[in-house]
1. Taking the condition of being under 28 Å from Gly126 (Cα atoms) and open to solvent by less than 90 Å² (accessible area, probe 1.4 Å), how many residues in segment 180-193 meet it?
2. Could you list all residues from segment 336-360 that are loosely packed, with under 15 Cβ neighbours inside 10 Å and assigned to a loop (DSSP other than H, G, I, E, B)?
3. If you check every pair at least six apart or on different chains, which have Cβ atoms under 9 Å apart with a residue in segment 49-77 that is outside the structural domain of Leu7 (by TED's automatic domain parsing) and within 16 Å of ligand 2 (Cβ to nearest atom) first and a residue that is hydroxyl-bearing (Ser, Thr, Tyr) and outside any loop (DSSP other than H, G, I, E, B) second?
4. Mind telling me which of the residues Val196, Val229 ends up being away from ligand 1 (no atom under 16 Å from the Cβ), crowded, with 17+ Cβ neighbours inside 10 Å, at pLDDT 95 or above and of a type in the set (A, V, I, L, M)?
5. Limited to segment 232-254, what total is found for residues that are away from ligand 1 (no atom under 16 Å from the Cβ) and part of a helix (DSSP H, G or I)?
6. Just checking, does segment 46-55 include any residue being small (Gly, Ala, Ser), out of contact with any Pro (no Cβ under 8 Å at 6 or more places or on another chain) and surrounded by 16 or more Cβ atoms within 10 Å (Cβ to Cβ)?
7. Answer with yes or no whether Gly32 is assigned by TED's automatic domain parsing to the domain that holds Thr306, in contact (Cβ under 8 Å) with a residue 24 or more places away in the chain and open to solvent by 10 Å² or more (accessible area, probe 1.4 Å).
8. Spot the failing condition for Leu267; the list is (1) of a type outside the set (Lys, Arg); (2) buried (at least 23 other Cβ atoms within 10 Å of the Cβ); (3) within 12 Å of ligand 1 (Cβ to nearest atom), and only one is missed.
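The values are calculated or read from the model by the stated rules, or taken from the named source; none is laboratory data. No experiment lies behind these values; they were computed from the predicted model shown. Positions of Cβ are backbone-derived with ideal geometry, glycine not excepted, and every protein chain shown enters the neighbour counts. These area figures cover heavy atoms from the full protein model, side chains too; ligands, DNA and RNA do not enter into them. Shrake-Rupley method; radii C 1.70, N 1.55, O 1.52, S 1.80 Å.
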Amino acid sequence: MDRIVLLPGDGIGPEVLAEARRVLEAVSGAYGLALEFTEELIGGASIDAHGTPLRDEVIELCRESRAVLLGAVGGPKWDDMAVDVRPEKGLLAIRKALGLFANLRPAAVIPALAEASTLRPEVVDGIDLLVVRELTGGIYFGEPRGRDEVGGKRRGFNTMIYDEDEVARISRVAFEQARLRRHHVTHVHKANVLDVSQLWMDVVEEVAKDYSDVTLAHQLVDSCAMLLVRDPGRFDVLVTGNLFGDILSDQAAEITGSLGMLPSASLATGGFGLYEPVHGSAPDIAGQDKANPLAAILSVAMLLETSLACPEGAAAVRSAVSDVLAAGHRTGDLILAGESRAAVGCRAMGDHVLAALETP
Ligand code: IPM
Ligand code: MG
């Protein structure tokens with residue numbers, strides 16, 4: 001029996017995760033995977049119930065599980081709290097505690113939704129990239145960090161630090177992913193200014209020697225941001241540190257025009273992973289059955305593929321989602337201005353996907 005921990009979190013998290021769970025139950029049943037589900041609190045929901053965004057018991061439970069499926073965390077209700085007890089802290093803590101160093105954020109255009117992008121159609125057309133973001137190091141976790149006062153002046157500081165092992169292991173993930181795709185890796189850096197980026201350059205080059213079938217390019221982060229809006233089709237796999245990856249993955253997601261569609265995986269060594277939609281908690285529409293569950297459902301596909309070694313199940317989920325879109329079903333976020341379609345709700349969208357699932 002494999003345990004799956006569900007962490008619905010805040011805002012629309014619970015609604016989209018309920019649909020994702022139904023899909024995972026259907027697929028695991030069809031492919032004979034024995035799964036056991038446990039639901040726990042994270043983020044604001046956990047702050048309200050227990051005074052902390054993530055309890056140690058929940059981390060322990062996740063450690064004993066095969067994979068974690070997360071909804072979203074955060075909301076205006078908790079925005080004024082100190083950094084250490086904010087909902088986001090729960091997310092950072094779980095990444096660190098579970099060793100989820102490799103964050104995979106695929107951004108591909110879905111043809112039926114391409115018009116939603118702010119970019120011209122011919123530019124959007126080619127987008128099919130994967131951001132591989134280092135997730136447990138860098139400036140997010142580096143020491144020293146903090147705020148103090150020197151000579152009567154307030155200061156704030158963080159440290160961007162990586163050691164060679166951290167860089168090598170995320171680089172390997174990127175090269176391995178490139179082998180499953182178009183065999184190209186772009187390392188994103190700021191080596192014209194940052195020493196830490198110069199270390200990345202050296203280590204990525206060393207790792208590249210083991211992957212002679214994959215081409216490697218280096219791109220400065222500022223020009224990468226520029227190229228992402230000018231010619232995103234040139235990118236296959238992007239590998240970078242925690243902060244640059246945070247920024248570029250939002251940009252990459254948005255240019256596809258389908259933010260509500262994008263899944264992600266955060267992986268540790270050995271196939272354990274946490275899966276979550278890229279979109280946030282959307283507090284403005286929470287509890288109204290308006291949310292788009294497809295990013296959460298596509299996160300289930302990544303979970304099936306990577307943590308449950310069930311690529312057939314993953315393919316079934318992906319093709320069910322494509323079929324549902326091709327049939328014209330849309331949640332509100334996917335309806336373009338001027339389009340006369342009736343929006344389907346979150347639950348109904350889940351029903352459509354379940355009905356479209358072709359499993360043994
Ligand atoms: C993300 C988010 C988080 C991050 C926040 C909520 C802490 O922006 O997953 O990209 O910065 O990593
Ligand atoms: Mg982010």
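1. Result for segment 180-193: 9.
2. Leu336, Ala337, Gly338, Glu339, Ser340, Arg341, Ala342, Glu358, Thr359, Pro360
3. none
4. On inspection, the qualifying residue turns out to be Val196.
5. 3
6. no
7. Answer is no for this residue.
8. Unmet for Leu267, out of (1) of a type outside the set (Lys, Arg); (2) buried (at least 23 other Cβ atoms within 10 Å of the Cβ); (3) within 12 Å of ligand 1 (Cβ to nearest atom): (3).
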